[in-house]
Amino acid sequence: MANATRYTTVSLLALAIAGTFAAGQAHASGFQLKENSVKAMGRAFAGSASAAGDASVVVNNPAAMRQFDQAVVQGDLTVVDLNATFNGSGTDAFGLPLAGGNGGNAGDVTPIPAVSFIKPLSGAFENVTVGAMVSAPFGLKTEYENGWVGRYHALVSDVKIVDLTLSAAVDVTDRFSLGLGLIGERAEVQLSKAVDFGSQICAPSAATGGQIPPFCLPLGSGAFGPQMNDGVVDVQGTSNGFGFIVGANLRPTDAVSIGFSYRSQIDHDIQGDVVFGGVPPVLAGHPSPAVRASVADSPGGAKLTTPSVATVSATWAVNDNLRLMGDVSRTGWSSLREVRIVRDNGAVVGLEPFHWRNTDFYALGGEYDISPTVTLRAGVAYDETPTIDAERTPRLPDSDRTWYSIGATWNVNDALSFDAGYTRIVPGDSTINNPVNSSNARLSGDYDASVNLFGVSAQYRF
């Protein structure tokens with residue numbers, strides 16, 4: 001029993017910190033959020049690093065800031081309506097069917113704000129433009145009902161990651177510019193899940209000769225047993241990290257703009273606390289200090305690297321009214337190979353492997369000025385998932401997905417404009433294929449999921 005409960009604490013801490021950046025998402029690859037621009041969203045983010053007139057290039061391609069000839073401030077708000085319902089079943093550590101419902105709608109309605117500012121300099125620095133932006137590149141919230149069939153895998157996943165990016169761009173020639181951005185990133189996390197203490201207490205051990213302890217037999221009839229002594233573990237952690245963005249913007253003709261940007265990996269040192277609830281007295285008051293420590297509240301940490309993102313983008317002005325755009329980006333999810341958990345004294349206490357693959361995002365879109373004051377836009381995109389069926393969990397019911405987007409701009413006058421956008425994201429099959437968690441419970445099934453994005457923004461030029 002000592003070994004079993006020690007394994008519980010180690011694995012829960014490992015899974016929770018690993019899940020910090022793998023909270024359930026269905027609207028962007030892995031845990032990525034692209035929603036930093038309503039204007040770009042209306043084109044399914046085609047042209048994100050090359051199109052003119054969008055201040056989000058502070059983070060999407062700082063070199064493209066040189067396409068602005070006056071100062072601009074832009075505010076964006078995207079509301080993500082994520083719906084995800086599980087259909088399936090599972091077994092506990094003894095192979096018995098897991099009790100519980102489907103968890104309800106695991107999704108949530110989440111607002112994602114972004115604010116950007118661009119200022120072309122003058123005088124001796126007239127070929128330089130600077131910018132700043134606050135955005136949320138990763139994170140979302142999912143929550144399952146207490147007592148659901150997958151409670152030992154996930155209950156609440158609440159991840160908030162905010163970037164402050166400071167960028168600058170310079171013209172190398174009249175048609176070629178370079179840009180650099182420095183990123184400061186803050187992560188705040190809360191995660192929880194149920195713990196099957198009953199199965200841990202009744203697990204065969206060397207002390208019982210490899211047999212189920214007599215006080216647990218027959219299973220389900222005594223004070224202890226599988227699914228009879230559930231507790232909860234809640235993990236909260238924070239981290240600060242730093243990275244960079246580099247970009248280039250080539251304008252070979254007045255009608256064509258080509259952009260390239262690279263966002264670096266960002267290293268995080270997650271520091272958090274693990275808090276247990278509902279621990280049975282037989283464990284909390286166990287005579288062995290090691291057993292008591294295994295279910296006691298304790299600090300822990302892990303180093304984690306968020307992925308790099310490389311983007312190639314193009315915009316073609318077909319005529320004075322019509323512009324066509326395209327994007328191809330690669331997210332380096334292979335940086336998530338493992339999460340190694342250590343205590344404050346430096347002891348390695350757990351290892352959670354990842355086997356994510358790099359993913360590609362493809363987008364095509366366009367916009368058309370139907371009048372000097374109104375622009376309409378549309379786009380379609382295909383976004384790959386880094387996960388595979390054998391390793392997918394309820395914390396990340398992720399799958400390949402297709403984006404369908406529309407949007408519009410209203411230019412009130414030469415200084416003020418408003419944007420609105422809508423995206424429908426259609427996920428592919430998302431299957432949970434018997435992943436084993438720290439309570440030795442298995443889960444299998446699939447998700448019915450859908451995502452709607454609603455966005456509004458305003459831009460003021462001065």
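The values are calculated or read from the model by the stated rules, or taken from the named source; none is laboratory data. This one's a predicted model, so the numbers in the text were calculated from it and none came from an experiment. As a convention, Cβ positions derive from the backbone with ideal geometry for all residues, glycine included, and neighbour counts pool all protein chains shown. Note: accessible area is taken over every heavy atom of the protein model, side chains too, but ligands, DNA and RNA are not part of it. Shrake-Rupley method; radii C 1.70, N 1.55, O 1.52, S 1.80 Å.
Listed by position, the helices (runs of 4 or more DSSP H) contained in segment 196-296 that have at least 3 residues being among the aliphatic types (A, V, I, L, M) are 281-284, 289-294.
Exactly one residue among 104, 100 is over 18 Å from residue 189 (Cβ atoms) and open to solvent by less than 40 Å² (accessible area, probe 1.4 Å), and that residue is 104. The residues in segment 357-387 that are in a loop (DSSP other than H, G, I, E, B) and under 16 Å from the mean Cα position of the chain (by Cα) can be counted, and the count is 6. The single condition from (1) open to solvent by 30 Å² or more (accessible area, probe 1.4 Å); (2) at pLDDT below 90; (3) under 30 Å from residue 45 (Cα atoms); (4) of a type in the set (Val, Ile, Thr) that residue 258 fails is (2). As a summary of the residue check, residue 207 satisfies the conditions (1) open to solvent by 70 Å² or more (accessible area, probe 1.4 Å); (2) within 30 Å of residue 98 (Cβ to Cβ); (3) in contact with a Gly (Cβ under 8 Å, 6 or more places away or on another chain); (4) in contact (Cβ under 8 Å) with a residue 24 or more places away in the chain except for the one numbered (3). Selection of first residues in segment 399-411 that are in contact (Cβ under 8 Å) with a residue 60 or more places away in the chain and of second residues that are among the aromatic types (Phe, Trp, Tyr), restricted to Cβ pairs under 6 Å at least 6 apart or on distinct chains, gives the following pairs, ordered by first then second residue: 406/422.
Only residues that are modelled with pLDDT of 90 or more and part of a loop (DSSP other than H, G, I, E, B) were counted in segment 122-151, giving 11.
Right, residue 110: open to solvent by less than 20 Å² (accessible area, probe 1.4 Å), under 28 Å from residue 160 (Cβ atoms) and part of a strand (DSSP E or B) or not?
Values: open to solvent by less than 20 Å² (accessible area, probe 1.4 Å): no; under 28 Å from residue 160 (Cβ atoms): yes; part of a strand (DSSP E or B): yes.
Against the criterion (open to solvent by less than 20 Å² (accessible area, probe 1.4 Å), under 28 Å from residue 160 (Cβ atoms) and part of a strand (DSSP E or B)), residue 110 does not qualify.
The single condition among (1) under 30 Å from residue 422 (Cβ atoms); (2) part of a strand (DSSP E or B); (3) at pLDDT 90 or above that residue 119 does not meet is (1).
Within segment 58-78, the presence of a residue that is free of Cβ contacts under 8 Å to residues at least 60 places away in the same chain and closer than 16 Å to residue 363 by Cβ is excluded. Quick test for you: out of 457, 450, 405, 371, pick the one residue that is in contact with a Ser or Thr (Cβ under 7 Å, 6 or more places away or on another chain) and of a type in the set (Ser, Thr, Tyr). Only one candidate passes the filter, namely 405. Kindly check whether there is at least one residue in segment 432-439 that is of a type in the set (Ser, Thr, Tyr) and either closer than 27 Å to residue 67 by Cα or open to solvent by 10 Å² or more (accessible area, probe 1.4 Å) (or both). Within segment 432-439 (the criterion being of a type in the set (Ser, Thr, Tyr) and either closer than 27 Å to residue 67 by Cα or open to solvent by 10 Å² or more (accessible area, probe 1.4 Å) (or both)), the answer is no, since none of the residues qualifies. Summed over segment 81-97, the residues that are open to solvent by 40 Å² or more (accessible area, probe 1.4 Å), more than 28 Å from the chain's Cα centre (by Cα) and not small (Gly, Ala, Ser) give a count of 4. If you check residue 63 against the conditions, is it more than 30 Å from residue 288 (Cα to Cα), open to solvent by less than 10 Å² (accessible area, probe 1.4 Å), at pLDDT 95 or above and in contact with a Phe, Trp or Tyr (Cβ under 6 Å, 6 or more places away or on another chain)? Answer is no for this residue.
Has segment 29-44 got any residue that is more than 17 Å from the chain's Cα centre (by Cα), at pLDDT 80 or above, open to solvent by 10 Å² or more (accessible area, probe 1.4 Å) and not hydroxyl-bearing (Ser, Thr, Tyr)? Yes, some residue in segment 29-44 is more than 17 Å from the chain's Cα centre (by Cα), at pLDDT 80 or above, open to solvent by 10 Å² or more (accessible area, probe 1.4 Å) and not hydroxyl-bearing (Ser, Thr, Tyr). Every test in (1) more than 14 Å from the chain's Cα centre (by Cα); (2) surrounded by fewer than 20 Cβ atoms within 10 Å (Cβ to Cβ) is passed by residue 118 save one, and that test is (2).
Filter segment 210-239 down to the residues that are open to solvent by 60 Å² or more (accessible area, probe 1.4 Å), of a type outside the set (A, V, I, L, M) and without any contact (Cβ under 8 Å) to a residue 40 or more places away in the chain and list them by number. Scanning segment 210-239 gives 211, 214, 215, 218, 221.
Could you please find all residues in segment 81-107 being free of Cβ contacts under 8 Å to residues at least 40 places away in the same chain and outside any strand (DSSP E or B)? Give the steps one after another, and end with the answer.
We begin by selecting, within segment 81-107, every residue free of Cβ contacts under 8 Å to residues at least 40 places away in the same chain; these are 95, 97, 105.
Of everything in segment 81-107, those that are free of Cβ contacts under 8 Å to residues at least 40 places away in the same chain and outside any strand (DSSP E or B) turn out to be 95, 105.
Looking at 444, 438, which one is in contact with a helix residue (DSSP H, G or I) (Cβ under 8 Å, 6 or more places away or on another chain) and either closer than 30 Å to residue 197 by Cβ or assigned to a strand (DSSP E or B) (or both)?
Numbers: 444 fails: in contact with a helix residue (DSSP H, G or I) (Cβ under 8 Å, 6 or more places away or on another chain).
Of the residues listed, the single one that is in contact with a helix residue (DSSP H, G or I) (Cβ under 8 Å, 6 or more places away or on another chain) and either closer than 30 Å to residue 197 by Cβ or assigned to a strand (DSSP E or B) (or both) is 438.
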